[in-house]
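Trainee: Just passing along the structure, written as structure tokens.
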Amino acid sequence: MGGRSASASGALRRDLIGYAFLAPWLVGFLCFSLGPVLASLYLSFTKFDLLRPAVWIGSENYVRMFSADPRFWQALKVTFSYMAMEVPLKLAFALAVAVALDKAVRAGSLYRALFYIPSLLGGSVAIAVLWRQIFEGNGTLNQVLLWLFGFKGPSWISTPDTALYTLVLLAVWQFGSPMIIFLAGLRQVPQDLYEAASMDGAGAWRQFRKITLPMLAPVIFFNMVLQVIEGFKAFTPAFVISGGTGGPIDSTLFYTLYLYQEAFAYFRMGYASALAWVLLLVIGLFTGISFLTSKYWVYYEDDPR
Amino acid sequence: MSTLNRRQFVATAGAAAAAAWAPSSFAQAGTKLRCFWWGNPDRDKRTRALLDAYAKKTGMSIAAEALGWGDYWTKLGTQVAGGNAPDLFQMDYRYLFEYARRDTLLPLDALLPLPDFSPGDRNGGKVDGKLYGVNLGTNSKAMAYDVDMLAKAGAKTLDMAWTWDDFGRIGAEISKMNPGKYWGSSDNSRWEQGFEQWLNQRGKSLYAADGKAGFTPDDVAGWFDLWDKYRKAGVIPPAEVGATNNGKIEEYELTRGLAAMSFANSNQIVAFQGLNKNKLAISPFPRDKGGSSGHYIKPSQMMSVSARSKAPEESAKLINFMVTDPEGVKFLGIERGVPCSAAARAILAPELDALGKMQIDFVAALGKIAVPLPPPPPKGAGEIEKLLLRTADSVAFGKTSIKDGAQQFHTEAVNILARA
């Protein structure tokens, strides 16, 4: 190849081509996302009701959030309890189905499509309405219970102690996308490991524990980070099922729902912006912790260990 | 000066195109209006029919949009703030002052003289001496009930002065008929308007004229206590039955076939009956023996014009069509309450069904015993409405004691008002 300068200009060209391919996203980000993001940072230090100009109030919004806003803490509590249940359950379920599908090679693609359907539907308003029908007082679940066991449960969706579980169930039901990622991961596990293990007399469970899980660790980690971020962002189901209130008695008041109420029901745009920034920091914190701890439990094949 | 020429050319061509397009007989033709309201299926059908007819008549195009009460204010607020307000939008007494004082509404005094409105009906839409909202119909709060169920419980008609004790007695009687599945009344402890009326009966008001809370923690405790007794006596269902009711007509226990009585607004009887097979009727609220009814007559809904509307005169004419024109009045009927124009009432009277006559008679009868219109709710009132929902539910589910719930509601309400 030519001299130094030729390769440098080649590199420049390569970079430019790269940016050209990035352009649609980049232009969108710079024009439509970056501006509002920065504006929200400014607004988070103001009192702003949309109709009158924003008034600078310093850190008052943040101080209020941590010292005088019980609904902020309630929203955090609801979101964390939701995630503590939803993320592990969903990942475990997705992994179990993926392992089963991986074995059944022939019908694989059909079932894969079938199991993915809930993930396509799950975020929609129609499904949230359906969920309401299933779990209300005279809903499908209670009718089945009555028919099978002769008793009726409470109105699952309007009882504060159980409402959140119905939302967890709705989230777990949408296990499709982690399942697909797990399936792809399973295909990468070298078959000779399993052959060697079965020659040594290891049973299916032992093989799963000693081969599948460690080899899948990076994929599990990846899925977990994605699900945690998704969990923080959950909004639609709670909004539809509780009619936007987060009720009964704030038992389904997701953080994003609270943020929405403050912004668009009570027009406290400044306070809502501050809530959004705290959410961003919390998500960043959790992702950071995941990455820092990952070296202790995630095994990469090219790892020198 | 080529740019000027080009501009002139475009303008002329545009005008020619518009003239060719529009039916020539109407000066307003070609005007585009947007109209936005909160409603229910029945109201939406009526309003769309009216707008279609008016559009056809005048050659205008009118974009119509309707949402439920809760979503409506969110969307309206966002649109107004974004400089994209509809030309005409429905307004509530609760929000009139807030919107008018922020200069988002157009004063209508010169455009709409409304000669046959009574001064009271007209003044209900005034803020600081100027008319910002045109009354689309008057209503009062009411008890909506299932006629047959009450008859079965031995209550043929509810007397104008029936009491809270009567309410408990009749309700318990009804709950006995189909235990655990059907109740005398829905739980109204969570309904802000019910609390307000109960305060009115005691000579108090929810909000004072200075925008501060007009009630004490003891008042709240009294209100929760009243409903706690009904709950324990089985007059109203357990908390979980009503906890999903967020105020849409289809979510009410009366509509869902779970209770025989429900607090409502008198004009809502039209919407309730539209969703109920059983025959419904309205009566005043129960009260203490010998006490005041606490009822007042208010504009059920108003129509306002955006301060930024490009067609203020056309918008005002459309409002006039809604409230006084013989043709327009017939489309809307009395679904939004009793029309203020005497001429409109006269046009509607011969065509009213029993339900319509009942509504008009009801408001007329209450007019004689009504208390004055309370001060307008201050900013933050919408949030306090939701606060009562949560606190009353918490008490109903037994998560909070009546005393703590009352104190909590009062403290948080005062905070909300101070912050708004």
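Trainee: Considering (1) within 14 Å of chain A (Cβ to nearest Cβ); (2) assigned to a loop (DSSP other than H, G, I, E, B), say which one residue B:99 fails and leave the rest.
Mentor: Condition not satisfied by residue B:99: (2).
Trainee: Taking only segment B:148-170 into account, find how many residues are part of a helix (DSSP H, G or I) and closer than 17 Å to residue B:289 by Cβ.
Mentor: 7
Trainee: Between A:58, A:28, A:35, which is outside any helix (DSSP H, G or I) and of a type in the set (Gly, Ala, Ser)?
Mentor: A:58
Trainee: If you scan segment A:138-172, which residues turn out to be away from every other protein chain (no Cβ under 13 Å) and modelled with pLDDT under 80?
Mentor: A:150
Trainee: Would you confirm whether or not segment B:391-407 contains a residue that is in contact with a strand residue (DSSP E or B) (Cβ under 9 Å, 6 or more places away or on another chain), buried (at least 22 other Cβ atoms within 10 Å of the Cβ) and not acidic (Asp, Glu)?
Mentor: No, that holds for no residue.
Trainee: Let me ask you something else. Residues A:288, A:244, A:284: which one is under 21 Å from the mean Cα position of the chain (by Cα), free of Cβ contacts under 8 Å to residues at least 24 places away in the same chain and not in a helix (DSSP H, G or I)?
Mentor: Numbers: A:288 fails: not in a helix (DSSP H, G or I); A:284 fails: not in a helix (DSSP H, G or I).
Going through A:288, A:244, A:284 in turn, the sole match is A:244.
Trainee: Give segment B:160-205 a look and list any residue that's surrounded by 23 or more Cβ atoms within 10 Å (Cβ to Cβ) and more than 26 Å from residue B:361 (Cα to Cα), or say none.
Mentor: The answer is B:174, B:175, B:183, B:187, B:189, B:190.
Trainee: Which ones in segment B:366-415 are under 17 Å from residue A:70 (Cβ atoms), of a type in the set (Asp, Glu) and more than 9 Å from chain A (Cβ to nearest Cβ)?
Mentor: Within segment B:366-415, just B:404 meets the criteria.
Trainee: Additional query: Kindly indicate the residue of segment B:46-80 that is among the β-branched types (Val, Ile, Thr) and buried (at least 17 other Cβ atoms within 10 Å of the Cβ) and also modelled with the lowest pLDDT among those meeting that condition.
Mentor: Among them, the one singled out is B:74.
Trainee: Output the number of the condition that residue B:267 fails; it satisfies all remaining conditions of (1) within 30 Å of residue B:57 (Cα to Cα); (2) surrounded by fewer than 19 Cβ atoms within 10 Å (Cβ to Cβ).
Mentor: Every listed condition holds for residue B:267 apart from (2).
Trainee: While we're on this one: So residue B:382 ticks every box in (1) surrounded by 19 or more Cβ atoms within 10 Å (Cβ to Cβ); (2) more than 24 Å from residue B:127 (Cα to Cα) but one. Which box is left unticked?
Mentor: (2)
Trainee: Would you check which residues across segment B:227-251 are closer than 21 Å to residue B:196 by Cβ, more than 14 Å from chain A (Cβ to nearest Cβ) and surrounded by fewer than 17 Cβ atoms within 10 Å (Cβ to Cβ) and list them?
Mentor: The answer is B:229, and nothing else.
Trainee: Mind listing just one residue for me: the one in segment A:29-70 that is under 30 Å from the mean Cα position of the chain (by Cα), within 14 Å of chain B (Cβ to nearest Cβ) and over 23 Å from residue B:75 (Cβ atoms) and, of those, surrounded by the most Cβ atoms within 10 Å (Cβ to Cβ)?
Mentor: Once the filter is applied, the top-ranked residue is A:61.
Trainee: Restricting segment B:273-305 to residues that are part of a strand (DSSP E or B) and of a type in the set (A, V, I, L, M, F, W, C), which is surrounded by the most Cβ atoms within 10 Å (Cβ to Cβ)?
Mentor: B:305
Trainee: Still on this structure, I have one more. Would you call residue B:144 at pLDDT 90 or above and buried (at least 23 other Cβ atoms within 10 Å of the Cβ)?
Mentor: It is true that residue B:144 is at pLDDT 90 or above and buried (at least 23 other Cβ atoms within 10 Å of the Cβ).
Trainee: If you don't mind, there's one more thing I want to ask. Within segment B:301-318, can one find any residue that is basic (Lys, Arg), more than 28 Å from residue B:219 (Cα to Cα) and away from chain A (no Cβ under 14 Å)?
Mentor: Yes, some residue in segment B:301-318 is basic (Lys, Arg), more than 28 Å from residue B:219 (Cα to Cα) and away from chain A (no Cβ under 14 Å).
Trainee: Considering only segment B:171-206, how many residues are part of a helix (DSSP H, G or I), under 19 Å from the mean Cα position of the chain (by Cα) and farther than 14 Å from residue B:263 by Cα? Step through it out loud before you land on a result.
Mentor: We begin by selecting, within segment B:171-206, every residue part of a helix (DSSP H, G or I); these are B:171-177, B:192-201.
Retained after the next criterion (residues that are under 19 Å from the mean Cα position of the chain (by Cα)): B:192-198, B:200.
Within this subset, residues satisfying the condition of being farther than 14 Å from residue B:263 by Cα are B:200.
So the count comes out to 1.
Trainee: Is it the case that segment B:258-266 has a residue that's within 27 Å of residue B:139 (Cα to Cα), in contact with a helix residue (DSSP H, G or I) (Cβ under 6 Å, 6 or more places away or on another chain), part of a loop (DSSP other than H, G, I, E, B) and more than 14 Å from every other protein chain (Cβ to nearest Cβ)?
Mentor: Yes, segment B:258-266 contains at least one residue that is within 27 Å of residue B:139 (Cα to Cα), in contact with a helix residue (DSSP H, G or I) (Cβ under 6 Å, 6 or more places away or on another chain), part of a loop (DSSP other than H, G, I, E, B) and more than 14 Å from every other protein chain (Cβ to nearest Cβ).
Trainee: Taking segment A:110-137 as the search range and keeping residues that are surrounded by 15 or more Cβ atoms within 10 Å (Cβ to Cβ) and within 14 Å of chain B (Cβ to nearest Cβ), which one is farthest from residue A:97 (Cα to Cα)?
Mentor: A:137
Trainee: Next question. Please determine, by comparing only the residues of segment B:211-226 that are touching a Ser or Thr at 6+ places or on another chain (Cβ under 9 Å) and surrounded by fewer than 21 Cβ atoms within 10 Å (Cβ to Cβ), which one is nearest to the other protein chains (Cβ to nearest Cβ). Let's see the steps before the verdict.
Mentor: Residues of segment B:211-226 touching a Ser or Thr at 6+ places or on another chain (Cβ under 9 Å): B:214-215, B:217, B:220, B:223-224, B:226.
Adding the requirement that they be surrounded by fewer than 21 Cβ atoms within 10 Å (Cβ to Cβ) leaves B:214, B:217, B:226.
Numbers: B:214: 21, B:217: 18, B:226: 20 Å.
So, considering only residues that are touching a Ser or Thr at 6+ places or on another chain (Cβ under 9 Å) and surrounded by fewer than 21 Cβ atoms within 10 Å (Cβ to Cβ), the one nearest to the other protein chains (Cβ to nearest Cβ) is B:217.
Trainee: Being more than 14 Å from chain A (Cβ to nearest Cβ), in contact with a Phe, Trp or Tyr (Cβ under 7 Å, 6 or more places away or on another chain) and without any contact (Cβ under 8 Å) to a residue 40 or more places away in the chain narrows it down to one residue among B:59, B:125, B:77; which is it?
Mentor: Exactly one residue qualifies, and that residue is B:59.
Trainee: Regarding residue A:257, is this residue part of a helix (DSSP H, G or I), at pLDDT 85 or above, within 14 Å of chain B (Cβ to nearest Cβ) and touching a Gly at 6+ places or on another chain (Cβ under 7 Å)? Don't jump to the end; show me each part of the working.
Mentor: Details: part of a helix (DSSP H, G or I): yes; at pLDDT 85 or above: yes; within 14 Å of chain B (Cβ to nearest Cβ): yes; touching a Gly at 6+ places or on another chain (Cβ under 7 Å): yes.
In short, yes.
Trainee: Need pairs with beta-carbon distance below 6 Å; first residue modelled with pLDDT under 90 and within segment B:284-303, second of a type in the set (D, E, K, R) and buried (at least 24 other Cβ atoms within 10 Å of the Cβ); sequence gap 6+ or separate chains.
Mentor: B:300/B:336
Trainee: So which helices (runs of 4 or more DSSP H) stay within segment A:161-235 end to end and still have 1 or more residues that are of a type in the set (Lys, Arg) and closer than 30 Å to residue A:133 by Cβ?
Mentor: Qualifying helices (runs of 4 or more DSSP H): A:213-233.
Trainee: What do you reckon, is residue B:270 modelled with pLDDT under 90, hydrophobic (A, V, I, L, M, F, W, C) and not in a loop (DSSP other than H, G, I, E, B)?
Mentor: Values: modelled with pLDDT under 90: yes; hydrophobic (A, V, I, L, M, F, W, C): yes; not in a loop (DSSP other than H, G, I, E, B): yes.
For residue B:270, the condition - modelled with pLDDT under 90, hydrophobic (A, V, I, L, M, F, W, C) and not in a loop (DSSP other than H, G, I, E, B) - is met.
Trainee: Does any residue of segment B:345-352 turn out to be touching a strand residue (DSSP E or B) at 6+ places or on another chain (Cβ under 6 Å), more than 14 Å from chain A (Cβ to nearest Cβ), under 22 Å from residue B:134 (Cβ atoms) and not in a loop (DSSP other than H, G, I, E, B)?
Mentor: No, segment B:345-352 contains no residue that is touching a strand residue (DSSP E or B) at 6+ places or on another chain (Cβ under 6 Å), more than 14 Å from chain A (Cβ to nearest Cβ), under 22 Å from residue B:134 (Cβ atoms) and not in a loop (DSSP other than H, G, I, E, B).
Trainee: Does residue B:363 satisfy the condition of being away from chain A (no Cβ under 14 Å), in contact with a helix residue (DSSP H, G or I) (Cβ under 7 Å, 6 or more places away or on another chain), at pLDDT 85 or above and under 18 Å from residue B:267 (Cβ atoms)?
Mentor: no
Trainee: Given the residues B:113, B:86, which is the only one that is touching a Lys or Arg at 6+ places or on another chain (Cβ under 7 Å), in a loop (DSSP other than H, G, I, E, B) and farther than 15 Å from residue B:299 by Cα?
Mentor: Numbers: B:113 fails: touching a Lys or Arg at 6+ places or on another chain (Cβ under 7 Å).
The conditions single out B:86.
Trainee: Go through (1) modelled with pLDDT under 90; (2) farther than 30 Å from residue A:205 by Cα; (3) assigned to a helix (DSSP H, G or I); (4) charged (D, E, K, R) and name the single condition residue A:112 misses.
Mentor: Single failed check for residue A:112: (2).
The values are calculated or read from the model by the stated rules, or taken from the named source; none is laboratory data. In this text the structure is predicted, and so the values were computed from the model without any measurement. Virtual Cβ from ideal backbone geometry, glycine too; neighbours counted across all protein chains shown.
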